[in-house]
Amino acid sequence: RAAEIAEDTVENVDDKAVKKEEAGNIRSFIAIALGQFVSMFGSSLSGFALGIYILRLKGSIVDFSMVLLFNRLPQILIMPVVGWIVDKYNRRKLMIISDIFVAMRIIILLFLITNNSLELWHVFATTTIGSIARAFRNNAYVAAVAQIVPKRYLANANGFVQLTNNTGGILAPLCAGFFLTFMTIHTIMIIDLFTFIAAFIPLLLIKFPEKMIRRIEESIGKAIAGGYKFIVKRKSMIIMVVYFFIANIFLGIGTTLMTPLV
C-alpha cells in the first residue's frame with residue numbers, strides 16, 4: 001500500500017510538472033504570436049501606404065504593380081530553399097535575423113523619403129529584401145508553433161495564428177488609408193519600426209524548446225527533388241497546383257487594379 005501511495009505521489013508530481021511546463025510554453029507562444037501579429041500588421045500598414053505613396057508620386061499603375069511584384073516574386077522563387085533552411089537551422093535565430101532585415105528596410109526607406117531622394121529602384125531593392133526576410137520569418141514562425149505548443153493545443157494555436165494573420169491583413173489597409181488622411185508616409189514608417197520592436201523583444205527573451213525536433217540531414221537538392229517527386233506522383237496534387245496557379249493569376253489582376261481604380 002505504501003508503495004502504491006508513493007507511486008501515485010510521483011505521478012502527481014510529474015503531472016504537475018508537465019502541466020506547469022505546458023502552461024509556460026503556452027504563455028511563450030502567446031507572447032511570440034502577439035508580437036508577430038503587431039509586427040506583421042506594421043509591415044502590411046507600411047507596405048500598403050508605400051504602394052499608395054508610389055501611385056500618388058508617379059501616377060503610374062505599372063510602377064504600382066511592380067512594387068507588388070517585387071513584394072511577392074522573391075518569396076515565391078526562394079520558398080523551396082527557405083523550407084529546407086527552416087527545417088535545418090534554429091528557427092528562433094532565423095526569425096530574429098529576418099526581423100533585423102525587415103527593420104533595416106524600413107530605416108533605409110525612411111531615410112530616403114525624409115531626404116527626398118527616393119527612386120523607384122530603391123523601392124524595388126528594399127521591397128525585395130523585405131520579401132525574402134518575411135519568407136524566412138513567416139515559415140520559421142509557422143514551423144515553430146509545433147515546436148513550442150503542446151500537441152493537444154496545436155490545432156487551437158494554428159487557428160490563432162491564422163486568425164491574427166488574416167485580421168492584420170484586413171485591418172492594415174483600412175488603417176493605412178485612414179492614417180494617410182492626416183499622417184505622412186514618414187510617420188507610418190516610424191509606426192512600422194516600433195511594431196518591429198514588439199516582435200523582436202519576445203524573440204530575444206524566450207527560447208524555443210528543442211525537444212521533438214529532428215534536423216534534416218539531406219542536401220538541399222535532394223530535399224527539393226523529393227518535394228517535386230511527391231507532387232508529380234499524385235495526380236490530385238498536380239491538378240490542385242495548376243488550378244491555384246491559374247486562379248491566382250486572375251485574382252492577382254483584379255486585386256492589383258482595385259486600388260488604382262478606387
The alpha-carbon pair-distance distribution computed for region 216-262, with 5 angstrom bins and whole-percent values, is 4, 18, 15, 13, 13, 12, 10, 8, 5, 1, 0
Nearest 10 degrees, 0 to 90: helix 235-261 Cα axis against the chain principal axis: 40 degrees
Given all pairs of different Cα atoms, what value in angstroms does the Kirkwood hydrodynamic radius of region 45-123 take? 14.4 Å
Okay, helix-only estimate at 222 nm for the chain: each DSSP H run of n ≥ 4 adds -39500 (n - 2.57), divide by all residues, round to 500 deg cm²/dmol; what do you get? -31000 deg cm²/dmol
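Among the trypsin sites (Lys or Arg not before Pro) within region 112-192, which fall in a DSSP loop and have no more than 12 other Cβ atoms within 10 Å of their own Cβ?
In loop regions of region 112-192 (DSSP not H, G, I, E or B), there are no sparsely surrounded trypsin sites (Lys or Arg not before Pro).
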Which of [x] -0.32, -0.40, -0.72, -1.26; [y] -0.41, -0.51, -0.84, -1.31; [z] -0.42, -0.51, -0.78, -1.15 is the computed log10 I(q)/I(0) by the Debye sum over Cα atoms at q = 0.08, 0.09, 0.12, 0.16 Å⁻¹? It is [y]
What does the highest-first list of 190-199, 36-45, 64-73 look like by mean Cβ count within 10 Å? 36-45, 190-199, 64-73
With every protein chain kept in place and a 1.4 Å probe, the chain has an accessible area per residue in Å² of 60 Å²
Taking the chain as the reference, fit the longest principal axis to its C-alpha atoms, fit the long axis of helix 120-148 to the helix C-alpha atoms, and give the angle between the two in degrees, 0 to 90, nearest 10. 10 degrees
For the chain, with all protein chains present and a 1.4 Å probe, just round the carbon and sulfur fraction of the accessible area to a whole percent. 70 percent
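The values are calculated or read from the model by the stated rules, or taken from the named source; none is laboratory data. What you see is a predicted model; the values in this text were computed from it and never measured. FYI the Cβ positions are ideal-geometry reconstructions off the backbone, even for glycines, and counts take in every protein chain you see. All accessible areas refer to the heavy atoms of the entire protein, side chains included, with ligands and DNA or RNA removed. Shrake-Rupley method; radii C 1.70, N 1.55, O 1.52, S 1.80 Å.
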